[in-house]
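The values are calculated or read from the model by the stated rules, or taken from the named source; none is laboratory data. Keep in mind that this is a model prediction, so the values were computed, not measured. Reconstructed Cβ throughout: ideal geometry from the backbone, glycine too, with neighbour counts over all protein chains shown. Surface accessibility is based on the protein's heavy atoms, side chains included, excluding ligands, DNA and RNA. Shrake-Rupley method; radii C 1.70, N 1.55, O 1.52, S 1.80 Å.
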Amino acid sequence: MTTAAAPLLSARLSLTPKTTLVGLLDGAWWPRSHDLAAELPSLVDALEEHFGRITRIAVNPTRWPVVPHEVAVTGHTVRVGWFTEQDPDKMILLSYTVGRCDLLVIPPETEPSSAARLMTAAALPGSVLAAGALMSDEAATGRRMRDARSSEDAWETDGGAARAPLRHPLVGARMIPVPRRLRR
């Protein structure tokens with residue numbers, strides 16, 4: 001019996017454009033699962049177009065239940081290491097060509113609108129926000145948005161409603177009655 005390998009899905013990736021402004025991050029990656037061995041091949045394939053051959057990857061094991069020592073990617077093997085001192089929201093990739101690439105790692109369960117904001121913020125040229133700061137800022141933004149929605153819902157269900165539109169248009173500061181028949 002032959003089994004077909006699952007097709008690689010393209011990596012959900014946002015990279016900082018080439019510019020003279022250097023920031024703390026080179027972009028963001030939004031994996032589809034917490035399975036690092038399954039997610040890394042598509043990420044490495046996408047990054048090798050921009051950064052050359054990726055040889056090593058460093059992660060914090062807090063976000064990944066299993067951290068493999070090596071991952072087979074197209075044409076070679078990438079060594080994977082873990083460091084508990086590293087920011088859990090950041091991944092470091094090393095390449096022979098460019099050197100180092102730091103990516104914000106967005107958790108797979110993140111809502112699409114939140115992930116889009118994070119991917120945009122992480123790819124801003126010259127940004128001085130670290131991965132952890134971006135994630136905590138987004139968490140605060142998400143809480144504010146949920147609070148605003150829940151207070152609006154409470155307003156509507158507690159009898160609050162928008163004002164009814166005026167029956168007659170206002171002209172200036174007063175209503176000016178217009179006679180039905182104009183005399184000349």
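Points to keep in mind about this one:
- Largest first, the residues Lys90, Lys18 sort by 1.4 Å accessible area into Lys18, Lys90.
- Note on exposure: His34, His69 ranked by accessible area (1.4 Å probe, complete protein assembly) read His69, His34, with the most exposed listed first.
- Theoretical FRET efficiency, 1/(1+(r/R0)^6), r = Cβ-Cβ of Asp45 and Lys18, R0 25 Å, to 0.05: 0.80
- Most to least accessible of Ser10, Ser113 (protein chains only, probe 1.4 Å): Ser10, Ser113
- Element breakdown for the stretch 14-63 at a 1.4 angstrom probe: carbon and sulfur atoms account for 53% of the accessible area.
- Taken over the alpha carbons of the stretch 1-125 as equal point scatterers, the Debye sum produces base-10 log I(q)/I(0) values at 0.14, 0.16, 0.18 Å⁻¹ of -0.58, -0.77, -0.98.
- For a label point 7 Å along the Cα-to-beta-carbon line of Thr97, residues of the stretch 9-45 with backbone N under 16 Å: 15-19, 43-45
- Solvent-accessible area of Glu85 with every protein chain in place, 1.4 Å probe, in Å² to the nearest 10: 150
- When the alpha carbon gyration tensor of the stretch 77-145 is reduced to an equivalent ellipsoid, its three semi-axes come out at 24, 14, 11 angstrom, largest first.
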